[in-house]
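Data first, discussion second: the structure below is written as structure tokens.
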Amino acid sequence: MPNAQSYTSVDQYISALPEEKQRVISQLRQTVLENLPAGFSECINYNMIGYVVPHQRFPAGYHCNPTLPLPFMNLAAQKSHYGFYHMGIYAMPELESWFRARYAEVVPTKLDMGKSCTRFKNPKHIPYNLIGELVSKVSVDDWISVYQSLKK
């Protein structure tokens with residue numbers, strides 16, 4: 001959705017969205033912020049709302065581009081869906097299994113998920129409580145440890 005320009009702030013990203021998408025992304029953002037373990041930072045990352053391990057905490061940054069902080073999660077309003085990107089689901093098989101099982105219990109529609117991206121086409125089926133629970137499960141130290149073990 002907001003890809004026609006580069007965004008410099010989360011507020012700028014949200015304000016560029018149509019009103020309905022602003023409401024949904026704002027609620028997703030609030031869910032993340034209420035459950036985000038200490039140490040992650042919110043920023044614009046890959047022209048989306050991002051949650052990263054800042055360089056102050058992990059100076060090496062992201063191995064693909066060390067000038068970038070270590071990415072962890074992103075939120076995006078795409079043309080036909082809302083994207084929730086969680087690298088822990090991609091990198092931690094036990095977390096993915098837990099999420100898939102819980103999703104099936106609380107959402108009446110089929111899970112639409114890629115490697116790290118969960119796509120929500122109907123905002124009425126976004127499981128905000130489940131997303132909050134997922135967000136709270138991985139600390140900064142956990143994520144750095146998993147990232148370093150996979151990078152070797």
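Odds and ends about this structure:
- Test: residue in the range 55-62 that is surrounded by fewer than 19 Cβ atoms within 10 Å (Cβ to Cβ), within 22 Å of THR31 (Cα to Cα) and modelled with pLDDT of 95 or more: no
- Within the range 19-51, tally of residues that are more than 11 Å from GLY132 (Cα to Cα) and either at pLDDT below 95 or charged (D, E, K, R) (or both): 8
Every residue, every condition in (1) closer than 21 Å to LEU68 by Cβ; (2) in a helix (DSSP H, G or I), yes or no:
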position: GLN5; (1), (2): yes, no
position: THR8; (1), (2): yes, no
position: LEU17; (1), (2): no, no
position: ARG23; (1), (2): no, yes
position: GLN27; (1), (2): no, yes
position: GLN30; (1), (2): no, yes
position: GLU34; (1), (2): no, yes
position: PRO37; (1), (2): yes, no
position: CYS43; (1), (2): yes, no
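- All conditions in (1) crowded, with 16+ Cβ neighbours inside 10 Å; (2) of a type in the set (A, V, I, L, M, F, W, C); (3) more than 30 Å from GLU19 (Cβ to Cβ); (4) free of Cβ contacts under 8 Å to residues at least 24 places away in the same chain hold for ALA104, with the sole exception of (1).
- When every residue of the range 76-87 is checked against the conditions, none turns out to be of a type in the set (Ser, Thr, Tyr), surrounded by 18 or more Cβ atoms within 10 Å (Cβ to Cβ) and touching a Gly at 6+ places or on another chain (Cβ under 6 Å).
- LEU134 buried (at least 17 other Cβ atoms within 10 Å of the Cβ), in contact (Cβ under 8 Å) with a residue 40 or more places away in the chain and over 30 Å from THR8 (Cβ atoms): no
- Residue tally, condition farther than 23 Å from GLY114 by Cα, among the small types (Gly, Ala, Ser) and touching a residue at least 24 places away in the same chain (Cβ under 8 Å), over the range 34-92: 3
- Residue match in the range 10-24 (condition: without any contact (Cβ under 8 Å) to a residue 12 or more places away in the chain, among the charged types (D, E, K, R) and over 25 Å from ASP112 (Cβ atoms)): yes
The values are calculated or read from the model by the stated rules, or taken from the named source; none is laboratory data. In this text, all values refer to a predicted model and were calculated from it rather than measured experimentally. Don't worry about glycine lacking a Cβ; one is built from the backbone with ideal geometry, like all the others, and counts go over all protein chains shown.
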